[in-house]
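Below is one structure; the comments refer to it alone.
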Amino acid sequence: MTLEEILNIKMDGKIICLFGSPGSGKTYLSNVLAAENAMKIFHSDDYINYGYEDAVYYLMEDITKYLWYKGNGLIVEGVQVPRLLRKGHELGNFKADILIICERDWADIVETYHKERNPDKIKYLMKFHTQNQAILQQTLNDLGDSKPQIIYFDNHF
């Protein structure tokens, strides 16, 4: 889908998760969606400082508190989303309504890393993304009929 098509989807009160490889436009899209829908964003990368194992639990705790007090929709984006969905399913305490998978041409991602980020990390990106895709696919399989609506965002920024 294009950005315009995604913006036409009713997202009020929904829990939206965005996943994609680093540099695929997750943060960009989450910022646009949050502005259009007046929704809170949780950037899962902000929780990495808690460590690989604990990050998802701190993220879940903050999301739960937000939903408890605010009771409306939110956006979660970042590389922790596959683990969040898996752990939420295992514990039965978190489920996304919509999962947006951000896709971007690999050459464009590499170019972004050369221009705006650390090009030394490029060699790790594909392996990291492949591992996260495997977690996501297994989780979606486990969810069966209760998986979220899945939208593919073809990002050409």
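The values are calculated or read from the model by the stated rules, or taken from the named source; none is laboratory data. These figures come from a predicted structure and were not determined experimentally. FYI the Cβ positions are ideal-geometry reconstructions off the backbone, even for glycines, and counts take in every protein chain you see.
Points worth noting:
Rundown of residues vs (1) without any contact (Cβ under 8 Å) to a residue 24 or more places away in the chain; (2) more than 30 Å from H89 (Cα to Cα); (3) β-branched (V, I, T); (4) not in a loop (DSSP other than H, G, I, E, B), yes/no style:
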residue: I101; (1), (2), (3), (4): no, no, yes, yes
residue: I109; (1), (2), (3), (4): no, yes, yes, yes
residue: Y113; (1), (2), (3), (4): no, yes, no, yes
residue: D120; (1), (2), (3), (4): yes, yes, no, yes
residue: K127; (1), (2), (3), (4): yes, no, no, yes
residue: L136; (1), (2), (3), (4): no, no, no, yes
residue: T139; (1), (2), (3), (4): no, no, yes, yes
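- Test result for Q131, of a type outside the set (D, E) and over 16 Å from P22 (Cβ atoms): no
Every residue, every condition in (1) without any contact (Cβ under 8 Å) to a residue 24 or more places away in the chain; (2) over 15 Å from G73 (Cβ atoms); (3) in a helix (DSSP H, G or I), yes or no:
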position	(1), (2), (3)
M1	no, yes, no
M11	no, no, no
C17	no, no, no
Y28	no, yes, yes
Y47	no, yes, yes
V56	no, yes, yes
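- Being modelled with pLDDT under 90, touching a strand residue (DSSP E or B) at 6+ places or on another chain (Cβ under 8 Å), more than 16 Å from S44 (Cα to Cα) and of a type outside the set (F, W, Y) is a property that does not hold for D120.
- Residue count for region 32-55, restricted to those that are aliphatic (A, V, I, L, M) and closer than 13 Å to C17 by Cα: 4
- So L85, is it in a helix (DSSP H, G or I) and surrounded by 13 or more Cβ atoms within 10 Å (Cβ to Cβ): yes
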